[in-house]
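Chemist: Following this message is one structure expressed as structure tokens.
The values are calculated or read from the model by the stated rules, or taken from the named source; none is laboratory data. For clarity, every value in this text was computed on a predicted model and none was experimentally measured. Positions of Cβ are backbone-derived with ideal geometry, glycine not excepted, and every protein chain shown enters the neighbour counts.
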Amino acid sequence: IQSKQSRPVSQDYRRHPAVSHEETWNPQSAAILTIHDAVVQDDHGAHNGALGAINAVGAGLFLATSIGGDIAVSIVRSTGCFLAILVYYTIAAGKHAEGRRTGWAYLMLFSVQIVFGLVNSFRFTPTAELYVAQYSNIVYLALLATVCTFILTGVIVGGKSLVYRVVMIGIVVGGLVGGTFLPYLQNPRFLYTTPDVTDFRMVDRAKGLMREEGIGEPTSGEIAERIVLSDWNGLNRTGELSGQREMDRISELLPYTEGDEYIALVNRPFFESYAFTAFACVFILGIFFLLNFFLDPPRAPHLEKIHYGLLVYSVLEGVHATAMSNAMTFQELATLERVGKYATAAVIAVFIGLFVWRLKFLTRGEGDFYEGRLERDPGSVSRWRDGIDEFVIHQFLSKEHLSRRFLVRRTRDIN
């Protein structure tokens, strides 16, 4: 987010970048990591060594990004890098093909923090900064939609070729992200061509000229005498505003002519599109959990809980973007941006706990055996019951109160 306090105000609005969703990252935080012998052996020493290495890398990243940088950005970057490395370890330790593929999908999503950190270590012109912020967020949403769709297609296509899943992912993600952000792909400066910004520029220019003429604070009525605003239907002009409607429109836009407040107006359409895409990802995951409830196929342990974490993550992304789109001032936008980073870091911390849980399971003998059997003969194994499953069974499905297993028919019922 660039403030006018740091540079002169210009009447050339093309030079003002939209709010950057990714703030500047300290170049010192670009850590070059080499991972040897990724396959974790089945012994406690290797298990402790893997977690120790991950802890050391995470601590180093946090300290490096905290020096001279924004603390919120530092936390998100360091936890994101930490999580990406942790996911890589779980991929290396797993034996189940579907679990490994899902791990690669999550690694692709979480590694974006490393890429964004490297990109934002460079200095850009205001216009280039707009493009970087705009398209990095579009890429990020495309990755989020890809992971959600990949999870859903795993239930839909079952054991069919991976090609089916790639085609389905391409159709869903291309239609969702490509359709939603098509105006931005066609015109990088789309945000400066929206009806709100077009009308704002006319109001701001008229107000500036009247101040030069000695009119201190022009009223909406005085400005209405000098300009004619358009009546809009979406992005298309349908006529001209007149009378009270025009004055109301000017009164609505006047607050954005003060200081940096226009930034909230400029970025509103982008945040609305962002929120729509995030909630679409929530819908995709909702379909997955619905199908998963009825089918309940054997799968790699703890992945379902990780998918629930992704659902929470997507919901928070949508809520955050909705709040940003409703911000009326630059200060509100900046505050929401910072709060959103802390919320993101909190969810990433939950992901870290879930992947550590999965990695600990994979480095035990029972985990190694279960994953191997799941890969060779999935029909011979059932769902892995962990602590959460045991809690639900003992609290709500106790055999003392149920004559048979919940939602499972007996053999005689089937016959």
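Chemist: Checking Leu241 against (1) surrounded by 18 or more Cβ atoms within 10 Å (Cβ to Cβ); (2) touching a residue at least 40 places away in the same chain (Cβ under 8 Å), which test does it fail?
Modeler: If we test Leu241 against (1) surrounded by 18 or more Cβ atoms within 10 Å (Cβ to Cβ); (2) touching a residue at least 40 places away in the same chain (Cβ under 8 Å), just (2) comes out false.
Chemist: Also: Any chance the stretch 213-227 includes a residue that's of a type outside the set (Gly, Ala, Ser) and in contact with a Gly (Cβ under 9 Å, 6 or more places away or on another chain)?
Modeler: No: the stretch 213-227 contains no residue that is of a type outside the set (Gly, Ala, Ser) and in contact with a Gly (Cβ under 9 Å, 6 or more places away or on another chain).
Chemist: Exactly one of (1) more than 29 Å from Thr257 (Cβ to Cβ); (2) in contact with a Leu (Cβ under 9 Å, 6 or more places away or on another chain); (3) of a type outside the set (Asp, Glu) is unmet by Met324. Its number?
Modeler: (1)
Chemist: Identify, please: which residue in the stretch 160-200 is in a loop (DSSP other than H, G, I, E, B) and among the polar types (S, T, N, Q) and is, among those, farthest from Gly234 (Cα to Cα)?
Modeler: Result: Ser161.
Chemist: Out of Arg165, Arg100, I need the residue that is basic (Lys, Arg), crowded, with 16+ Cβ neighbours inside 10 Å and over 27 Å from Phe369 (Cβ atoms). Which one? Even if it seems obvious, please write down each step before you answer.
Modeler: Values: Arg100 fails: over 27 Å from Phe369 (Cβ atoms).
One residue alone meets the criteria, Arg165.
Chemist: Out of all the residues in the stretch 338-371, which are of a type in the set (Asp, Glu) and buried (at least 21 other Cβ atoms within 10 Å of the Cβ)? Write out each step before concluding.
Modeler: Within the stretch 338-371, the first condition is being of a type in the set (Asp, Glu), and the residues that meet it are 366, 368, 371.
Once the filter is applied, which keeps residues that are of a type in the set (Asp, Glu) and buried (at least 21 other Cβ atoms within 10 Å of the Cβ), the stretch 338-371 yields only Glu371.
Chemist: Related question: List, please: which pairs have Cβ atoms under 8 Å, are six or more places apart or on different chains, and start with a residue in the stretch 122-133 that is more than 15 Å from Tyr192 (Cα to Cα) and hydrophobic (A, V, I, L, M, F, W, C) and end with one that is assigned to a helix (DSSP H, G or I) and modelled with pLDDT of 80 or more?
Modeler: Phe124/Val132
Chemist: When you go through Ala84, Ala142 one by one, which is the residue that is under 19 Å from the mean Cα position of the chain (by Cα), buried (at least 18 other Cβ atoms within 10 Å of the Cβ) and free of Cβ contacts under 8 Å to residues at least 40 places away in the same chain?
Modeler: So the residue among Ala84, Ala142 that is under 19 Å from the mean Cα position of the chain (by Cα), buried (at least 18 other Cβ atoms within 10 Å of the Cβ) and free of Cβ contacts under 8 Å to residues at least 40 places away in the same chain is Ala84.
Chemist: Restricting to the stretch 173-229, give me the number of residues that are of a type in the set (Phe, Trp, Tyr) and modelled with pLDDT under 90. Give the steps one after another, and end with the answer.
Modeler: Within the stretch 173-229, the subset of a type in the set (Phe, Trp, Tyr) is 181, 184, 190, 192, 200.
Checking which are modelled with pLDDT under 90 leaves us with none.
Number satisfying all stated conditions: 0.
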